[in-house]
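Enquirer: Have a look at the structure that comes next, please.
The values are calculated or read from the model by the stated rules, or taken from the named source; none is laboratory data. Just so you know, these numbers come straight off a predicted model, no measurement behind them. Using ideal geometry, Cβ is built from the backbone for each residue, glycine included, and neighbour counts are taken over all protein chains shown. To get the accessible areas, we keep the full protein, side chains included, count just its heavy atoms, and leave off ligands, DNA and RNA. Shrake-Rupley method; radii C 1.70, N 1.55, O 1.52, S 1.80 Å.
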Amino acid sequence: MKISFTKHTLANGLDVLLHEDHACPIVAVNLWYHVGSKNERPGKTGFAHLFEHLMFEGSEHHDGGFFQPLQGAGATLNGSTNADRTNYWEVVPAGALELALWMESDRMGYLLPALTEAKFSNQRDVVLNERRQNYENRPYGLAPMALLSALFPSDHPYHWTTIGEIADLEHVQLDEVHAFFRRYYHPANASIALAGDIDPEEALALVERYFGEIDAGEPVEPVRASASLPRDVRIHVEDRVELPRLYLAWLTPAMFADGDAELDLATDLLANGKTSRLYRRLVFEERLATDVSASQNSREMAGYAQLTATAAPGHTLGELERAIFEEIARLAAEGPTAEEIDRGRVQAEAQFMFRLQTVGGFGGKSDQLNAYNTFLRDPAYFTRDLARYQIVTKESLQEVAGRYLDPARRVTLSIVPQGRTVLAAPDSELVVVS
């Protein structure tokens, strides 16, 4: 796997990644800022996600909506925020590259003069409404908040969700938001990738023209934190749901660390797809559950594995818990079959290739170049990333599953219908999440 690219760093610290691909007359513009909710602190959460919204509201030299000029030129565009990074992207006709670079550079270098109290208040209300829709009023929507707060201590940057706490969003002041922007949204903390129908020399000259004059900003020190889970933390939450649901979570290795790839494959063979062990047993054979899924959630400082199952009518979360741990114990004792290993490798390779089918968007070659550059300082990591899955063996997966999916060190969360706490897994403590 070799994606051709060149890397340059401007005098102000902005990394520039260029990939030439003339298959279609389009160009992906992909900009990553190495800031997410982990760069916040208790009492001051939700800032990074709030800026995902604010940066679409206009800047000093284009004090209007960000979408209209680009969409008028034929572009698609979007952005997202997670715990570790914020990204913005446009896929534009080749002739609109300069427009996209001008607009991205203006909001990087000149956002604050246009960031008024009115815009700030409006977008804060939008975020609060998004929080209500996606968490508070969505069935089982409180689960991520309950899980993260139980997995990580209160001062750990992964303790809260990316959208932030209600009280923090309601009390944040405009000057605090300005200070957060100056701290993190500058060339020395950013990486831009251009992929598609470009001439690399001309593209680099355009990036230099539009971004070169922006002040570098102060270097951002890496966030350091640790977490441990020495016992089974058993909690339950009441919600407006019909069926009780069980969540199990464990602390696991960080993104790209040893064991991360093994846990990707282990969670897949346990509970993803109709051929997985837990789907066959819980849903198809014994009909204890209506659904089951699992994932290894890789993050920059630490990961967490999560397994979720909804109890079928007439069955309990205790039954689900016992069956799940019987299958985990069997995996740790016997390891995966050769067929499961092969299937997992093929699925990992297919997902890897799927992300590289396009030059832009979420995924795509430009997004992947930026991900490797931001987290590893190595945009050429493609081959080594895929190799992590190709070298997984029965023994390595078995060992990692036994070490990390430990029944004595986990969070057990039950989401139960309101007023029916008796349906929670045994020995659970009620917690209130808001």
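Enquirer: Report the full-extension gain for the segment THR383 to ALA329: residue separation times 0.36 nm, less the Cα-Cα distance, to one decimal in nm.
Expert: Numbers: separation 54, 0.36 × 54 = 19.44 nm, distance 3.28 nm.
Taking 0.36 nm per residue and subtracting the Cα distance, the gain is 16.2 nm.
Enquirer: For a label point 7 Å from the Cα of GLU339 along Cα→C-beta, name the residues of region 243-285 whose backbone N is under 13 Å from it.
Expert: Label zone hits: 275-277.
Enquirer: Here is a follow-up. Carbon and sulfur together cover what percent of the accessible area of region 45-157 at a 1.4 Å probe radius?
Expert: Of all accessible area on region 45-157, carbon and sulfur atoms account for 49 percent.
Enquirer: Now for a different question. Between GLU242 and LEU112, what length comes free when the chain is fully extended (0.36 nm per residue of separation minus the Cα-Cα distance, one decimal in nm)?
Expert: 42.2 nm
Enquirer: Let me ask another. Would you mind putting 270-283, 56-69 in packing order, based on average other-beta-carbon counts within 10 Å, highest first?
Expert: 270-283, 56-69
Enquirer: What three numbers, in Å, describe the spread of the alpha carbons of region 128-267 along their principal axes, ordered from the longest?
Expert: 58, 42, 31
Enquirer: Could you tell me how many degrees, from 0 to 90 and to the nearest 10, lie between the Cα long axis of helix 260-271 and the main elongation axis, the longest principal axis, of the Cα atoms of the chain?
Expert: With rounding to tens, the tilt is 50 degrees.
Enquirer: Given the peptides 411-420, 170-179, arrange them by the average over their residues of other C-beta atoms within 10 Å, most packed first.
Expert: Taking the mean over residues of other Cβ atoms within 10 Å, the ranking is 411-420, 170-179.
Enquirer: In addition: Do any GluC sites (Glu not before Pro) in region 205-270 lie in a DSSP loop with no more than 16 other beta carbon atoms within 10 Å, and if so, which?
Expert: Within region 205-270, the qualifying GluC sites (Glu not before Pro) (loop, at most 16 other Cβ atoms within 10 Å) are GLU213, GLU242.
Enquirer: In square nanometres and to one decimal, what's the mean projected area of the convex hull around the Cα atoms of region 355-434?
Expert: 9.9 nm²
Enquirer: In nanometres, what is the gap between the two model label sites at ASP199 and GLU170, each 7 Å from Cα along Cα-to-Cβ?
Expert: 5.8 nm
Enquirer: Follow-up question, since we're still on this one. Considering only the other residues whose Cβ falls under 13 Å of the Cβ of MET1, what net charge follows from Lys and Arg at +1 and Asp and Glu at -1?
Expert: Values: positive: LYS2, ARG355, LYS365, ARG384, ARG388; negative: GLU349, ASP385.
Taking every Cβ under 13 Å from that of MET1, the sum is +3.
Enquirer: I would also like to ask the following. Run the simple label-point estimate for PHE284 and HIS8 please: 7 Å along Cα→C-beta, distance reported in nm.
Expert: Taking the simple label geometry, PHE284 and HIS8 are separated by 5.4 nm.
Enquirer: Based on the mean of other Cβ atoms within 10 Å per residue, sort peptides 336-345, 191-200 so the most packed one is first.
Expert: 191-200, 336-345
Enquirer: Select from region 318-381 those chymotrypsin sites (Phe, Trp or Tyr not before Pro) which occupy a DSSP coil region and have at most 16 other Cβ atoms within 10 Å, ordered by residue number.
Expert: PHE362
Enquirer: Dipole of the chain, Cα-centred, from +1 at each Lys and Arg C-beta and -1 at each Asp and Glu C-beta, to the nearest 20 debye?
Expert: With Lys and Arg at +1 and Asp and Glu at -1, about 1160 debye.
Enquirer: Right, here's the next one. Return one quarter of the surface area of the convex hull spanned by the alpha-carbon atoms of region 40-127, equal to its mean projected area, in nm².
Expert: 6.1 nm²
Enquirer: Find the accessible area per residue for region 106-163; the probe is 1.4 Å, ligands and nucleic acids are left out, and the unit is Å².
Expert: Dividing the accessible area of region 106-163 by its residue count gives 38 Å².
Enquirer: Where does the chain land at 222 nm, in deg cm²/dmol rounded to the nearest 500, when only DSSP H runs of n ≥ 4 count, each adding -39500 (n - 2.57), divided by all residues?
Expert: That calculation yields -11500 deg cm²/dmol at 222 nm.
Enquirer: Angle, helix 200-211 long axis vs. longest principal axis of the chain, Cα atoms, 0 to 90°, nearest 10?
Expert: That works out to roughly 90 degrees.
Enquirer: While we're here: Could you tell me the calculated FRET efficiency between HIS22 and LYS119, based on Cβ-Cβ distance and R0 = 45 angstrom, to the nearest 0.05?
Expert: Values: r = 40 Å, r/R0 = 0.88.
Once the sixth-power term is evaluated, E becomes 0.70.
Enquirer: Then there is this: Any lysines with Cα under 29 Å of the LYS38 Cα? List them, leaving off those in the same chain fewer than 8 positions away.
Expert: LYS7, LYS119, LYS365
Enquirer: Residues of region 1-69: accessible area per residue at 1.4 Å, in Å²?
Expert: On the way: 2750 Å² over 69 residues.
With the other protein chains kept in place, region 1-69 gives 40 Å² per residue.
Enquirer: To two decimal places, what compactness ratio does the chain give when its Cα radius of gyration is scaled by 2.2 N^0.38 Å?
Expert: Normalised Cα radius of gyration, the chain: 1.04.
Enquirer: I've got another one for you. Which is farthest toward the positive dipole end of the chain among THR252, SER154, ALA338, measuring Cα position about the Cα centre, with Cβ charges +1 (Lys, Arg) and -1 (Asp, Glu)?
Expert: The residue sitting most towards the positive pole is ALA338.
Enquirer: Give me the one-decimal nm value for the distance between modelled label points at GLU395 and ALA227, 7 Å along each residue's Cα-to-Cβ direction.
Expert: It works out to 3.2 nm between the two label points.
Enquirer: Name the residue, out of SER366, SER228, SER149, whose mean-square fluctuation peaks in a Gaussian network model built on the chain with Cα pairs under 10 Å.
Expert: Answer for the Gaussian network model of the chain: SER228.
Enquirer: Based on alpha-carbon centroids, what's the gap between region 292-329 and region 370-434 in Å, whole number please?
Expert: Cα centres, region 292-329 to region 370-434: 9 Å.
Enquirer: Pull out the extension gain between GLU130 and SER154, defined as 0.36 nm times the separation in residues minus the alpha carbon to alpha carbon distance; nm, one decimal.
Expert: 6.3 nm is the gain from fully extending GLU130 to SER154.
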